[in-house]
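The values are calculated or read from the model by the stated rules, or taken from the named source; none is laboratory data. Everything numeric here is computed off the predicted structure, so don't read it as measured data. Cβ atoms come from the backbone with ideal geometry, glycine included; neighbour counts cover every protein chain shown. Note: accessible area is taken over every heavy atom of the protein model, side chains too, but ligands, DNA and RNA are not part of it. Shrake-Rupley method; radii C 1.70, N 1.55, O 1.52, S 1.80 Å.
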Amino acid sequence: MPETVLGAIHEVHLAVVWDWEYDYDFIRILQRQAQQHDARFLDISVYNLDETLAALQKKTLKIAVLLDRASDTNELFLPLQTLAAQQQTYIINPFPISQYTMDKAQMHYELIRAGVNVPYTIILPAYNEERKLDNALIKELSKLQVPFVLKPANGGGGEGVVKSVYSPYDAAAWREQISWDKYLAQEKIYPKYLYGWRCWFRAYYLFGDVEVLWWDDERHLYRLLSSADKARVKFDAMTDTMQRIAKASKMDFFSSELALTTDDKLVAIDYVNDQIDLRIKSRHYDGLPDSFVEKVAEKLITFA
């Protein structure tokens, strides 16, 4: 498309960096939304990375807003944020902030200070630091009702998560899975049910706005939240929670897992997910509703 011929571009409203093959549909949706809003959009991948970096260095390319969905897993893209920042590009979730929020142990304390309801949690040192937990920590772990959940502080996508741990000594041993990372031992949250659905949600913070979807954490299926649903699932409280998380994390664009417990308490389960999974339902069984991804793309374009 013409937008990728960098020699013909001096300024773009939004540039998105990507290298995950499943982002392809999202990029196509962004291109369509950009055309509808008369916005200049550039997608940056391995295929045009070198010429993009060269154009930024020569200052022949100016990017107003940059969304980076690649440098967290591919260091080849890291110079983009540095060069873009030198020309006062607005970077969505800058790398240092994103890295800070990835630490669930750190964010746990930040969110408590921000007044967010979080599961009762005990932070465990990395296996490499303490192979055997001291008696004080074993005693603390014994206070957790079994089974409890164990998750690495810096994990993502469910990697390293143990959903049912039955003793403090099992928790100590499981840390060897990701031996360099701290672990969170958390009380297990039991959601109530409405319409036969678990009251487990994926909430999205989109530049000040909050959107919420039903998300079955066991089957990994999404469903749109209707207007009638909102009054029954504490949507206003979810919005307030997401605003608090955004303020504590300083993030513009992220998702969180929220749940309504059997005693009707709203709890933040998974605090800040930076790289939002934006696969579409029409192409993936466990993807997001297509209309929702269209809305996300439109918000990105209008923000830029």
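Can you give the log10 of the normalised intensity I(q)/I(0) at q = 0.22 Å⁻¹, computed with Debye over equal Cα scatterers of segment 128-196?
Values returned for q = 0.22 Å⁻¹ are -0.94.
Per the 1.4 Å probe, what fraction of the accessible area of the chain, in percent, lies on carbon and sulfur atoms?
Values: 7440 of 14750 Å².
Reported share for carbon and sulfur atoms: 50 percent.
Could you calculate the contour length gain from Gln36 to Tyr193, that is, 0.36 nm times the residue separation minus the distance between their Cα atoms, to one decimal place in nm?
That pair, Gln36 and Tyr193, stretches by 52.5 nm at full extension.
How big is D, in µm² s⁻¹, for segment 96-249 by Stokes-Einstein at 25 °C and 0.890 mPa s if Rh is the Kirkwood radius over C-alpha pairs? Provide the component values of the computation, followed by the final result.
Numbers: Rh = 17.0 Å.
In µm²/s, the coefficient is 144.
So the label point goes 7 Å from the Cα of Arg131 along Cα→C-beta, right? Which residues of segment 165-208 then have their backbone N under 19 Å from it?
It comes to 169-183, nothing else.
Based on the Cα atoms of the chain, what semi-axes does the equivalent ellipsoid have, where each is the square root of 5 times one gyration tensor eigenvalue, given in whole Å with the largest first? Display every interim value, and only then the final one.
Numbers: eigenvalues 270, 115, 50 Å².
Semi-axes from the Cα gyration tensor: 37, 24, 16 Å.
Most mobile of Ala172, Ala203, Ala268 per a Gaussian network model of the chain (Cα springs, under 10 Å)?
Ala172
Against the longest alpha carbon principal axis of the chain, how many degrees, from 0 to 90 and to the nearest 10, is the axis of helix 104-113 turned?
80 degrees
Quick one: accessible area per residue over the chain, 1.4 Å probe, rounded to a whole number of Å²?
Values: 14750 Å² over 304 residues.
Ligands and nucleic acids excluded, the result is 49 Å² per residue.
How many angstrom lie between the C-alpha centres of segment 59-134 and segment 230-299?
Cα centroid of segment 59-134 versus Cα centroid of segment 230-299: 18 Å apart.
Quick check on the chain: helices-only [θ] at 222 nm, where DSSP H runs of length 4 and up contribute -39,500 (n - 2.57) each and the sum goes over total residues. Nearest 500, please.
The helix contribution divided over the chain gives -9500 deg cm²/dmol.
Taking the simple approach of a point 7 Å from Cα along Cα-to-Cβ for both Thr261 and Glu218, what is their distance in nm?
So the label points at Thr261 and Glu218 sit 1.9 nm apart.
How far apart, in nanometres, would the label points at Asp209 and Lys230 be if each is projected 7 angstrom from Cα along the Cα-to-Cβ direction?
That separation, rounded to one decimal, is 1.2 nm.
If the chain between Gln177 and Ala85 were fully stretched, how many nm would it gain, using 0.36 nm times the residue separation less the Cα-Cα distance? Intermediate results must be reported in sequence, preceding the final value.
Values: separation 92, 0.36 × 92 = 33.12 nm, distance 3.71 nm.
Stretched out fully, the Gln177 to Ala85 stretch lengthens by 29.4 nm.
Taking a ≥ b ≥ c as the square roots of the Cα gyration tensor eigenvalues, with a/c under 1.5 meaning rounded and otherwise prolate when a/b beats b/c, else oblate, which class fits segment 1-99?
Because its axes are fairly even, with a/c under 1.5, segment 1-99 counts as rounded.
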